[in-house]
Every structure is written in C-alpha cells, then in structure tokens.
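Colleague: Below you will find the structure I want to go over with you.
The values are calculated or read from the model by the stated rules, or taken from the named source; none is laboratory data. Here the structure is a predicted model, which is why all the values come from computation and not from measurement. Cβ atoms come from the backbone with ideal geometry, glycine included; neighbour counts cover every protein chain shown.
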Amino acid sequence: MYGWIWRVIPGGTGAKVVTVLLLAGLAGVVLWYVVFPKLEPHVPLDRVTVGR
Amino acid sequence: MRALLRTCGELSITGGLVMLLFCGYLLWGTSSYTEWYQRILKQQLLDGPKHAKLAKIDVGDAVALIRIPRLGRDYEYAILEGVTSEDLRRGPGHYPGTALPGMVGNFVLSGHRTTYAAPFNRIDELRRGDAIIIEAPEARYTYRVSSKKVVYPEAVDVIAPMPGHPESRPTKAMITLTTCHPEYSARQRLIVFGVLSSKQDRRSA
C-alpha cells in the first residue's frame, strides 16, 4: 500500500517526501478535528455521574 | 500472497498509529475545548449573575468557582449547571435539583477524571478535613472533606439530600463530588463527601 502510494506520487525524491508529509499532516488534522470529536462520545471512558 | 500480507501489515500499523493518536486526543485534545469554555464561564461569573436570584440558574450557566488548596494553589474551575455529557465537557457540573452552595442539603458536582481537562483527576488525594472552597457570587463557602468512598454507578443514594439516607430530611449543608473510578474506566465512581464549615459573605458592590 505505502509502496504503491510512493510510486504514484509524482516528482523526484525531494518532492515525494514533501507530498507525503503534507498528506500525512492532512490525515492527522482530519482525524483530530473531525473524526475523533465524533468518536469520543461513544468511548465508554470517564463516565462520572451516578444513576443514569 | 506476499503483497496481501504486506498490505495487511501496513494497515495494522496504520490502525495502531491512529489509535495512539486517538489516545493523545483524549488526553490532550479534549482539554483544549474545556480550557476555552472555562474562560467563558469565568467571565460570566465576573460579569455578575444573570438573574437577581441565585435560585434561578439555567442549565449551562456558570454557578460558582471551586478551589481545592490541597490540589494546588492554582486549582480553580468554574462550575456550571447541568451534568449531561455536553455540560461536563465544559467543566465540573452541578446536578440540577440538588442543593445550591451553602444551602442545607447536598450540593452535588460531577467532573471528568481523565479527559476534558480532568478537573477531578486528583480528588482521590483529598483527606479528611481538607478544604473545598466554593466561590459563589454572594459568598465564599468552605466545606471540609468528611469521607470518601467507591460505589457502583447505580448508587444514586450518594446524591440524596442526606447522602446514604434517601428518605431522611437533610439537616446539614453537604457537598458531594463524583467522578469515575478507577481512572480511565467507567466501572465505578469515586465519591468525596464534605460538610459546610464556614461562610464568608461577599460585600455587595
């Protein structure tokens, strides 16, 4: 999978590295600000009230 | 076959990294939301009560500040009304319908232990006699820790006006803090009880 991505990305090694870092950063930002906030309420962690 | 195995391995490693990142989000990412909202609540308290009467606090409104000297000089959170998961993301919440600060009955607060700035992370360190200071708009109430216990989540009697005695009429002004136990778990609840020991009226400006 990663080998395939590396081959598909255009440019020389330097350009590939920059593109890969940008893609990884983008994936991280989407996870952190979009996916994780949606996921968090469904994780049964840190329930603090009684009776419900 | 080899390519398939390699892809499986790569996906597993990616999944593991995503989970690690999610743990980081739970511990640190959630806190930034709480810290941001705490500033709004503290400002609300500085601006003065929205209603003339304290008895009319709406869900989501700031109630008072809580300070616990045992947990550090800087330990200060704004308490808000309400204990839904949305309320508790913003700070420690007061159970609607339970007593207000200083009143006879039980002033019950819940707070997160490990996520969302973890206001009640260290309440297990409280010892008998430790001060829990509630800075309400009208007065400063100092409660003293009387006992602690670990209960199952169904134990609603801990939030009764007389904790442990749901049938009795309250005679004392109590405070009750609830959070999860053990840390990172939803299995049990850690409960800290306190009794009002002094009240200092605020000079109205």
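Colleague: Looking at the structure I just gave you, is residue B:82 touching a residue at least 40 places away in the same chain (Cβ under 8 Å), within 14 Å of chain A (Cβ to nearest Cβ) and either closer than 17 Å to residue A:46 by Cβ or in contact with a Pro (Cβ under 9 Å, 6 or more places away or on another chain) (or both)?
Modeller: Judged against the criteria, residue B:82 is not a match.
Colleague: Whether any residue in the stretch B:44-58 is of a type in the set (Lys, Arg) and surrounded by 11 or more Cβ atoms within 10 Å (Cβ to Cβ) is what I want to check.
Modeller: So far as the stretch B:44-58 goes, yes, one or more of its residues are of a type in the set (Lys, Arg) and surrounded by 11 or more Cβ atoms within 10 Å (Cβ to Cβ).
Colleague: For chain A, which residues satisfy the criterion of being assigned to a helix (DSSP H, G or I), free of Cβ contacts under 8 Å to residues at least 12 places away in the same chain and of a type in the set (Val, Ile, Thr)?
Modeller: Result: A:8, A:13, A:17, A:18, A:19, A:29, A:30, A:34, A:35.
Colleague: Among the residues in the stretch B:94-109, are any farther than 27 Å from residue A:37 by Cα and surrounded by fewer than 17 Cβ atoms within 10 Å (Cβ to Cβ)?
Modeller: Within the stretch B:94-109, one or more residues are farther than 27 Å from residue A:37 by Cα and surrounded by fewer than 17 Cβ atoms within 10 Å (Cβ to Cβ).
Colleague: Separate question: Do you know which residues across the stretch B:165-181 are within 11 Å of another protein chain (Cβ to nearest Cβ) and either more than 19 Å from residue B:123 (Cβ to Cβ) or touching a Phe, Trp or Tyr at 6+ places or on another chain (Cβ under 9 Å) (or both)?
Modeller: B:176, B:177, B:178, B:179, B:180
Colleague: Can you run down the residue pairs with Cβ atoms below 9 Å, 6 or more apart or on separate chains, where the first is in the stretch B:182-205 and away from chain A (no Cβ under 14 Å) and the partner is surrounded by fewer than 14 Cβ atoms within 10 Å (Cβ to Cβ) and modelled with pLDDT under 90?
Modeller: Close Cβ pairs (under 9 Å, with a partner that is surrounded by fewer than 14 Cβ atoms within 10 Å (Cβ to Cβ) and modelled with pLDDT under 90) amount to B:205/B:48.
Colleague: Name the single residue that is surrounded by the fewest Cβ atoms within 10 Å (Cβ to Cβ) among those in the stretch B:1-28 being facing another protein chain (nearest Cβ under 8 Å) and over 13 Å from residue A:28 (Cα atoms).
Modeller: B:11
Colleague: Can I ask one more? Please work out which residue is nearest to residue B:150 (Cα to Cα), limiting yourself to the stretch A:3-52 and to residues that are away from every other protein chain (no Cβ under 11 Å) and among the basic types (Lys, Arg).
Modeller: Here the residue is A:38.
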